[in-house]
Amino acid sequence: MPLTILVVDDDLGTRLSISDYLELSGYSVIAAENGQQALTIVEQHNPDLIVTDIVMPQMNGYELVRRVRQQQIFRLLPVILLTARIKTQERILGYQSGCDLYLPKPFELEELAAAIRNLLERSQIIQSECGLSQADNIKSEKSHKPITSAISLAFESLTIREQEVLRLLTEGLSNIEIGEKLHLSSRTVEKYVSSLLRKTETSNRAQLVRFAIKHGLVD
C-alpha cells in the first residue's frame, strides 16, 4: 500500500504540480486548498506526511501545524512548510510551530521528493523503534504467560511498515526489491528486518519466513 501525502496549497497550479509529481513517484496524494480543510483531512485519513503552504485563507500553515501537533496521535507526523517567505524570523516561526522542514519557494520538485523520502524513512524508523520498545515492555510484564500469548502480543506490536516488509520477505524479495516497492533504502529495509527478527525471536530470514507462515502472520 503506497504511503499517503497530504498536499495543502491555495494555488491550484502549485497544488496540482506537486500532487501529479508525487503520484508519479508512487505515493497516494490527498489535496486541500486551505488549512481548515487540511485539518479535517488529517483527522479523517491520517496521512503519512504533510506538505503545506503557509499563506492561505481560513487557516494558514503555521496554525495548521500547531493544531496538528496538539493531537497526541499526530505528534510525530512529518510536516514540510513551503513558502516564499525566506526571512530568518519567519523560518524560526515555522520551526517553532512544529514543522520538520522549511522549504523556500521556488523549489525543484525533485528536491521536494528527496526531502519527503528522507522524512518518511526517519519517521518509519522512529515508529519501528517505538514499537520495539513497547514490545520489550510487554514481554517483560507478561513473561510468566504461555509462549503462545507472548507471541500474540509481539505480533500486535508490529508496525504497518514491518508487516509490509514481512509480507514481501515471504515472497522472496531482496532488500533492494523491497525498498523499491516501499520507497525505502536498503539500509532502512535491513533495520526493519532486524526488528522483525528480534520481535519473533528468530535468528535468520529463513526462520522468520517459516515462523510468519506457521503462525499466520501473512496471507
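The values are calculated or read from the model by the stated rules, or taken from the named source; none is laboratory data. From a predicted model like this one, the values you see are computed outputs, not experimental measurements. Note that we place each Cβ from the backbone using ideal geometry, even for glycine, and neighbour counts take in every protein chain shown.
See the values below:
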read-out	value
Boolean, residue 203 is farther than 22 Å from residue 27 by Cα and of a type in the set (S, T, N, Q)	yes
Residue 78 being crowded, with 17+ Cβ neighbours inside 10 Å and on the phi < 0 side of the Ramachandran plot	yes
Search result, residues across segment 165-200 that are surrounded by 13 or more Cβ atoms within 10 Å (Cβ to Cβ) and either without any contact (Cβ under 8 Å) to a residue 12 or more places away in the chain or not assigned by TED's automatic domain parsing to the domain that holds residue 124 (or both)	173, 177, 179, 180, 186, 197
Identity of the residue in segment 2-19, of a type in the set (A, V, I, L, M) and in contact with a Ser or Thr (Cβ under 8 Å, 6 or more places away or on another chain), that ends up surrounded by the most Cβ atoms within 10 Å (Cβ to Cβ)	8
Considering residues of segment 108-124 that are in contact (Cβ under 8 Å) with a residue 12 or more places away in the chain and among the aliphatic types (A, V, I, L, M) only, the residue farthest from residue 55 (Cα to Cα)	120
Residues within segment 62-78 that are at pLDDT below 90 and within 13 Å of residue 9 (Cβ to Cβ), tallied	0
Cross-chain or 6+ apart pairs with Cβ under 7 Å, segment 88-107 first and closer than 22 Å to residue 120 by Cα, then modelled with pLDDT under 80 and of a type in the set (D, E, K, R)	102/91
Residue ID - farthest from residue 98 (Cα to Cα), chosen from residues in segment 20-63 that are buried (at least 22 other Cβ atoms within 10 Å of the Cβ) and of a type in the set (Gly, Ala, Ser)	32
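To keep it simple, each residue is scored yes or no on (1) free of Cβ contacts under 8 Å to residues at least 40 places away in the same chain; (2) of a type outside the set (Gly, Ala, Ser); (3) touching a strand residue (DSSP E or B) at 6+ places or on another chain (Cβ under 7 Å); (4) more than 16 Å from residue 115 (Cα to Cα).
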site: 15; (1), (2), (3), (4): yes, yes, yes, yes
site: 18; (1), (2), (3), (4): no, yes, yes, no
site: 21; (1), (2), (3), (4): no, yes, no, no
site: 28; (1), (2), (3), (4): yes, no, yes, yes
site: 32; (1), (2), (3), (4): yes, no, yes, yes
site: 37; (1), (2), (3), (4): yes, yes, no, yes
site: 43; (1), (2), (3), (4): yes, yes, no, yes
